[in-house]
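Quick notes on the structure that follows.
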């Protein structure tokens, strides 16, 4: 969305409203903006967009020629885009992948080579391929993408390297800015996790030192700035049986950091997967409210926990427990109050009994479409995806689907990579707002302001309502905010909100319409002979008169009025929900000739208590319509009669006072005042 253009359009809308009053031009302007608004809404539906595309690698031959599959998970389609040589793939390899906020693939890398969104090679760095690669946009500059890679050593822990790519350079083809620089050398476990800083702008890249309790958090800031934070948390791994690989993963709300330890001996009772606590403000990892996924338990046929995926709402953890002859996928409830309740919440979703599922590596991840996927391969079933269709639903209602999507039927017993490491916060529901009463309060008009509210839980907010003419006073810190727009137009509303522990922001164009302009004409005087038709104009959704009528027009009969002034008003509502009200005073100054009708009918008794009779002397045996009105002209009752010597009319239930009785016979209408005592 081009917000500078949006601001110009908004100014143009005000100019039209003030100078030319050319409503057709305003309507055309708003019509165009509506489509722009729809594109913004579409972005929020796909979360942040950056995680829409997945590059997924396989290993199918001894010479490391690897078909690379591209998935776009808003529609779930795979295809082989290219074949890359000399990729060290397998179940511990991850591509670095980056998409823009519109979900367009912009970059993917194996840590040594870089391809743009058109699968064109950008450049290479003088390093072997990294095993664990992560793409992070530089805060405040999404054209600069930092790619961090854990460089594998055969007999020592990994070092962390980085490269930087400008995806906008070379007319959008991309260019390598920094190539293969050593970033840190702390002896890393082969696993990295990424989440947003609590400020909603920066990123935390978190790794762990091998065979230790030490976590290293790197805060990636604008302009290349980095802060390093060290933490000690969780259990101490078996330092005599460690391996270099591991899996770190953040929940989408950034509050949980999973660590499946790095033990080689999985029968020591310490092969747990621990869910540690993370502070997105400080970058500290702690175990103040830790959860431990159960260890290997031969009696209950529970294998050691290997991999984990969090539901988009961070409510549930999905864990793969693997063993040689029994592989299971479980759901655990993160809202459990304590460790025991957490263990008791376990629900088995899928149980593979040997030899079935023997090539399921337990890889499991949530994607941008809000579903969780598990790639798998069997002896003769090809390479396919299992899925969890509703990950934020409890128990089996999450809907595990077996072989939900076939990737390649020819790749039996194949090895394959992990899904890319995405910023966990990209996968949570972004902050969004809605608004009501989108009508300007112009001039001396009165009415309710435009009301703004969030669609999800928010604890703090900073609103900017886009009214440039307000000179800085168009702000609010109320969570549910209100603002009165004095002019119609398109306003670029921006809000920053503390949402699920992190600051998030969103821009939206808000369309403010002009209220209808109506008149009922000048005040006027009528007599008993006159009929005055009040009409605010056609084309409105709703009309409401003070008499209770809801038709476009209201007829005022002089013969029904008492002496003096009578005020009538109407309120109209247009198709945008905007309202307007107009008034007119009608003065009745005397009785007209229509009341001189003694020879046409007789009404008696008058005054009457509860009953009166009509003698329609001139209209015998004719079809008549009799109506009773109050003094303001509102219809109270209506009767259809066949004229006879006497017609009975009941006044029961009516309060004391005077009324107007009307007799309609064909084209002739006569009226007379009656009194109830």
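Values for this structure:
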{"read-out": "Residues of segment 493-526 classified as in a loop (DSSP other than H, G, I, E, B) and touching a helix residue (DSSP H, G or I) at 6+ places or on another chain (Cβ under 8 Å), total", "value": "1"}
{"read-out": "Strands (runs of 3 or more DSSP E) (entirely within segment 581-637) containing at least 2 residues that are at pLDDT 85 or above and within 60 Å of the chain's Cα centre (by Cα)", "value": "623-629"}
{"read-out": "Among (1) within 21 Å of residue 565 (Cα to Cα); (2) at pLDDT 75 or above, the one test that residue 646 misses", "value": "(1)"}
{"read-out": "Hey, residue 194 modelled with pLDDT of 90 or more and within 23 Å of residue 259 (Cα to Cα) or not", "value": "yes"}
{"read-out": "Scan of segment 461-487 for residues that are assigned to a loop (DSSP other than H, G, I, E, B) and out of contact with any strand residue (DSSP E or B) (no Cβ under 8 Å at 6 or more places or on another chain), ordered by number", "value": "471, 472, 473, 486"}
{"read-out": "Test: residue in segment 387-404 that is modelled with pLDDT under 90, surrounded by 14 or more Cβ atoms within 10 Å (Cβ to Cβ) and more than 21 Å from the chain's Cα centre (by Cα)", "value": "yes"}
{"read-out": "Residue list for segment 638-651, restricted to those being part of a strand (DSSP E or B) and in contact (Cβ under 8 Å) with a residue 40 or more places away in the chain", "value": "650"}
{"read-out": "Residues located in segment 638-663, provided they are surrounded by 15 or more Cβ atoms within 10 Å (Cβ to Cβ) and over 10 Å from residue 674 (Cβ atoms)", "value": "641, 643, 647, 662, 663"}
{"read-out": "Hey, residue 521 more than 24 Å from the chain's Cα centre (by Cα) and surrounded by fewer than 20 Cβ atoms within 10 Å (Cβ to Cβ) or not", "value": "yes"}
{"read-out": "Selection within segment 434-454 - over 20 Å from residue 575 (Cβ atoms) and crowded, with 18+ Cβ neighbours inside 10 Å", "value": "452, 454"}
{"read-out": "Residue in segment 215-231 that is in contact with a helix residue (DSSP H, G or I) (Cβ under 6 Å, 6 or more places away or on another chain), surrounded by fewer than 17 Cβ atoms within 10 Å (Cβ to Cβ), at pLDDT 90 or above and part of a strand (DSSP E or B) present", "value": "no"}
{"read-out": "Residue 411 at pLDDT below 90 and either outside any loop (DSSP other than H, G, I, E, B) or more than 29 Å from the chain's Cα centre (by Cα) (or both)", "value": "yes"}
{"read-out": "Answer from 458, 490, 431 - the residue that is crowded, with 22+ Cβ neighbours inside 10 Å and in a loop (DSSP other than H, G, I, E, B)", "value": "431"}
{"read-out": "Top-ranked residue in segment 652-677 [being part of a loop (DSSP other than H, G, I, E, B) and over 59 Å from the mean Cα position of the chain (by Cα); ranked as farthest from residue 623 (Cα to Cα)]", "value": "677"}
{"read-out": "Of the criteria (1) in contact (Cβ under 8 Å) with a residue 40 or more places away in the chain; (2) assigned to a loop (DSSP other than H, G, I, E, B); (3) out of contact with any helix residue (DSSP H, G or I) (no Cβ under 8 Å at 6 or more places or on another chain), which one residue 452 fails", "value": "(2)"}
{"read-out": "Test: residue in segment 131-147 that is surrounded by 19 or more Cβ atoms within 10 Å (Cβ to Cβ), in a loop (DSSP other than H, G, I, E, B) and over 36 Å from the mean Cα position of the chain (by Cα)", "value": "no"}
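The values are calculated or read from the model by the stated rules, or taken from the named source; none is laboratory data. Just so it is clear, the structure is predicted and the values come from calculations on it, not from any experiment. Methodologically, a virtual Cβ is constructed for each residue, glycine included, from the backbone with ideal geometry; neighbour enumeration extends over all protein chains shown.
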